[in-house]
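Shown next, in C-alpha cells, is the structure this report addresses.
The values are calculated or read from the model by the stated rules, or taken from the named source; none is laboratory data. This is a predicted model, so every value here is computed, not measured. When we count neighbours, we look across all protein chains shown, and the Cβ atoms used for this are built from the backbone with ideal geometry, even at glycine.
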Amino acid sequence: MKKKLIWSLVIGLLLLTGCNNKSETITPKRANITESVYASGILKSINQYEVFTQINGKVETIFVREGDVVKKGEPLFQIENSSAQLSTDNARISAFANDYQQNKEKLLDAQNAIELARKKVVNDSLLLARQQALWGQNIGSKIELEQRELSFENAKVSLKKAEVTYEDLNRQLKLSSVQSKNNLKIAQSAEKDLTIRSELDGYIYKINAKQGELANSVNPLAVVGQEEFIIEFNVDEFDIVKIRKGQKVLIRMDSYQGQIFEAEVSFIYPMMEERTRAFKVEAIFSKEPEVLYPNLTLEANIVINSKKDVLTIPTIYLIDESFVMLEDGSVQQIEIGLKDFTLTEILSGIDEHTEIRMPK
C-alpha cells in the first residue's frame, strides 16, 4: 500500500511538470509594437504664474474671486502700507520745494550779484585809467595809483567769484530738482505696487490671501493663468537624447480613467535639473479634454518609434537582451529591434514556428 502511494505521487509530479512545461512554451507572434519613453508629470495653465506682493503690508481689498476671468492690468489686490504712502507724500513735497522753476529767485539774486560786480569792474577800470593819466602828468601819489590798481584787481576777482557762484547755484538747483523728481517717481512707483494687477488676460485659479491678512514677498497671494493648458513632465537623463520636438505623446490621467489622450512635444528645456537629474519637457494636447485643472497628475508615454505586423515575443522571455531558451532547454542567440514593456521585436535568430520556453 505504501509503495502504491509513492508511485502515484511520482506519476502525478511528472504529469504536473509536463503540463507546466507545456504552458511555458510559446511561439513568436506578429503584432504591432511601439517603443516609447515613460514620464510622469502634471498639467499647467499656459503662462501660469504666482502672484506676489513687492511691498509687505496688509491685504486691504481683494478685487477678484476664484474662477474669475481677468484682463491684463486689472487690479487683483490692494495692499495697505502707510510708510509707502507717507514716503510718496514726503517725496512730493521735496520735489515741489526743489523744483527748478520754484527757485529762480535764487538765480536772480546771483545774477544781480554778477551785474553789480561787473559794474564795479567797469567803474574801477575808469578810476584806474584816470589815476594813471594823472600820474602821467606828475599829479597824485604812487600810493593812490597802487590803490586804484588793487581795487581794480579785487573787482575782477569779485566778478569771477560771482560768476562761479551763479554756475554752482544753477547746477545745484538743477541737480536737486532732478533728484527730487526721480525720488518722487520711485516713491510713486512703490505706492503703485500696492495695487497688484494681472500680468495677462487670464483666469483666477486660486486665491491664497484673505482680507486683513499680512502679505509678504515670500508667500503667493494667488495663482493666475490662461484657460488653455500645457503638459509638463520630467524625462530621465538616460532617455532625453531620444526625445525630439513634434513627437507623439500618449497621456493617461487618473481624472479620466480608461481614456488615452494624444499630445505633441512642444518644447525641451535645455538644462538638466540637478536635484532630480531629469529634463523638463512640455507638450500640447492635440485635442484637450473637456474639463481640466492645474496640477492634475498624469502619465506620459513619448512615442519614439512604431512598427506594424512584426515578429514579436513577450519581453519577459528575453535572456540578457540577446538570447531565448528553446523548447529543449538550449539557448538561442537572437537579434532584437523595437522593445516596449510587454513585447520585443525579433529581427533574426528564430521564426514563427520556433517554440521557446520561459527562462528560469
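One residue is enough: does region 69-84 have a residue meeting the conditions exposed (fewer than 15 other Cβ atoms within 10 Å of the Cβ), in contact with a Gly (Cβ under 9 Å, 6 or more places away or on another chain) and hydroxyl-bearing (Ser, Thr, Tyr)?
Yes, there is a match, as at least one residue in region 69-84 is exposed (fewer than 15 other Cβ atoms within 10 Å of the Cβ), in contact with a Gly (Cβ under 9 Å, 6 or more places away or on another chain) and hydroxyl-bearing (Ser, Thr, Tyr).
What single numbered condition from (1) over 18 Å from the mean Cα position of the chain (by Cα); (2) part of a loop (DSSP other than H, G, I, E, B) fails to hold for PRO270?
Failed condition: (1).
Would you confirm, using the coordinates I've provided, whether THR297 is among the hydroxyl-bearing types (Ser, Thr, Tyr), assigned by TED's automatic domain parsing to the domain that holds ASN32, farther than 16 Å from GLN226 by Cβ and touching a residue at least 60 places away in the same chain (Cβ under 8 Å)? So that I can check it myself, show each step before the final result.
Numbers: among the hydroxyl-bearing types (Ser, Thr, Tyr): yes; assigned by TED's automatic domain parsing to the domain that holds ASN32: yes; farther than 16 Å from GLN226 by Cβ: yes; touching a residue at least 60 places away in the same chain (Cβ under 8 Å): yes.
Criteria met by THR297.
Do we have VAL224 as among the β-branched types (Val, Ile, Thr) and under 17 Å from the mean Cα position of the chain (by Cα) here? Please lay out each step first, then the result.
On the way: among the β-branched types (Val, Ile, Thr): yes; under 17 Å from the mean Cα position of the chain (by Cα): yes.
The answer is yes for VAL224.
Please find, among ALA110, ALA91, ALA95, ALA31, the residue that is outside any helix (DSSP H, G or I), over 24 Å from the mean Cα position of the chain (by Cα) and of a type outside the set (Val, Ile, Thr).
Details: ALA110 fails: outside any helix (DSSP H, G or I); ALA91 fails: outside any helix (DSSP H, G or I); ALA95 fails: outside any helix (DSSP H, G or I).
Answer to the check: ALA31.
Residues that are polar (S, T, N, Q) and more than 30 Å from ALA190 (Cβ to Cβ): does region 114-127 have at least one? So that I can check it myself, show each step before the final result.
First, the residues of region 114-127 that are polar (S, T, N, Q): 123, 125.
Next, only the ones that are more than 30 Å from ALA190 (Cβ to Cβ) stay: 123, 125.
Taking every residue of region 114-127 in turn, at least one turns out to be polar (S, T, N, Q) and more than 30 Å from ALA190 (Cβ to Cβ).
Is one or more of the residues making up region 182-194 buried (at least 17 other Cβ atoms within 10 Å of the Cβ), among the β-branched types (Val, Ile, Thr) and in contact (Cβ under 8 Å) with a residue 60 or more places away in the chain? Let's see the steps before the verdict.
Narrowing region 182-194 to residues buried (at least 17 other Cβ atoms within 10 Å of the Cβ): 183-184, 187, 190-191, 194.
From what's left, among the β-branched types (Val, Ile, Thr): none.
So far as region 182-194 goes, no, none of its residues is buried (at least 17 other Cβ atoms within 10 Å of the Cβ), among the β-branched types (Val, Ile, Thr) and in contact (Cβ under 8 Å) with a residue 60 or more places away in the chain.
Condition (residue is modelled with pLDDT of 90 or more, assigned to a helix (DSSP H, G or I), in contact with a strand residue (DSSP E or B) (Cβ under 7 Å, 6 or more places away or on another chain) and under 24 Å from THR34 (Cα atoms)) applied to region 274-286: is it met by at least one residue?
No, region 274-286 has no match at all.
With the condition kept exactly as written, say whether any residue in region 75-98 is on the phi > 0 side of the Ramachandran plot and of a type in the set (Gly, Ala, Ser). Before you say what the answer is, go through the steps one by one.
Just the residues of region 75-98 that are on the phi > 0 side of the Ramachandran plot, to begin with: none.
No, because not a single residue in region 75-98 is on the phi > 0 side of the Ramachandran plot and of a type in the set (Gly, Ala, Ser).
Residues are listed down the side, and each one gets a yes or a no for (1) under 23 Å from VAL224 (Cα atoms); (2) of a type in the set (Phe, Trp, Tyr); (3) surrounded by 14 or more Cβ atoms within 10 Å (Cβ to Cβ):
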{"site": "MET272", "(1), (2), (3)": "no, no, yes"}
{"site": "LYS280", "(1), (2), (3)": "yes, no, yes"}
{"site": "ALA283", "(1), (2), (3)": "yes, no, yes"}
{"site": "LYS308", "(1), (2), (3)": "no, no, no"}
{"site": "ILE313", "(1), (2), (3)": "no, no, yes"}
{"site": "MET325", "(1), (2), (3)": "no, no, yes"}
